[in-house]
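Notes follow once the structure below has been shown.
The values are calculated or read from the model by the stated rules, or taken from the named source; none is laboratory data. Keep in mind that what you see is a predicted model, and the values were worked out from it rather than measured. All Cβ positions, even for glycine, are placed from backbone atoms using ideal geometry, and neighbour counts span all protein chains on display. Side chains included, ligands, DNA and RNA excluded: accessible areas come from the protein's heavy atoms. Shrake-Rupley method; radii C 1.70, N 1.55, O 1.52, S 1.80 Å.
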Amino acid sequence: MSEPARPLETNIGAPIGVFDSGYGGLTILNRLRQALPQADFLYLGDNARAPYGTRSFDLVYEFTLQAVRNLFERGCRLVILACNTASAKALRSIQQNDLPHIDPSRRVLGVIRPTAEAVGAVSKTRRIGLLATPGTVASLSYNMELAKLHPDLSLYGHACPMWVPLVEYCESEGPGADYFVKKDIDTLFGMCPSIDTVILGCTHYPLLLSKIRQYVPDGVTLLDQGSIVAASLVDYLQRHPEIDRTISRGGKVEYLTTENSEKFATMAAVFTGRPVEATRIEL
């Protein structure tokens, strides 16, 4: 049985909303909770319609906007799109076209810009690799952000369509993971052997980290999006006390899913390392 969204709330003291198309955003949530242990969080996974990586721009935008509205209706005044595909295909439209009409005082932030900001201080060769879903690579969002922030960098993107299924079917330590991870990494470095920094442009990929480290060349830096996004949010809240004041601080987290709640709880525990209780909703 699903829970309806509550009427739009405007009272001060609300959780930070965290949205992903599925489970991967939980790796971002883990880091956010470490960085802001007293803050309350409300996580929403659109698991019934995942994955977003192969869907069109229009559909990802439509689904993401529905999720953002739902989190707003539940009181959130700040929502983090903990999903590279949603950040690539929906964030800019929501920020520019929808927020002014919904509520200009609310904020929606993504994961791509903080990651792009961090790259410049890491790479020495100025050659960057991107491993991500087909949708994120095709969007060219990382290319555009890096061109604005670090025009001296060159980005080489490669889509890894099998990596998310490997994680979600709990095959991240199996032989299939070795085959696909090695194949995709070899393809990326075949594009440019002097890549010295690789963006893991999907929030599922930290669960493949041991395999990825095994097959990337020595000396290559792998960027951990979770820690980057968490540090960026802490900095953002310090620079925007008017947003920081709206966050409730009880150290609690609530989980919502558009799929079966028991299935979500079982899978979510793999990503969070702790038992999870979830509520099913409809968007």
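Structure data summary
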{"item": "Computed over the chain: relative contact order in percent, which uses C-alpha pairs under 8 Å that are six or more apart", "result": "29"}
{"item": "Residue-normalised accessible area of the chain, given per residue in Å² at a 1.4 Å probe", "result": "44"}
{"item": "Protection-proxy order for peptides 118-128, 192-202, each taking the mean of Cβ atoms within 10 Å per residue, highest first", "result": "192-202, 118-128"}
{"item": "Helix axis angle, 175-191 relative to the chain longest principal axis, alpha carbon, degrees", "result": "70"}
{"item": "Accessible-area composition of the chain, carbon plus sulfur, in percent [1.4 Å probe]", "result": "52"}
{"item": "Nearest-ten-degree value, helix 225-239 long axis tilted from longest Cα axis of the chain", "result": "50"}
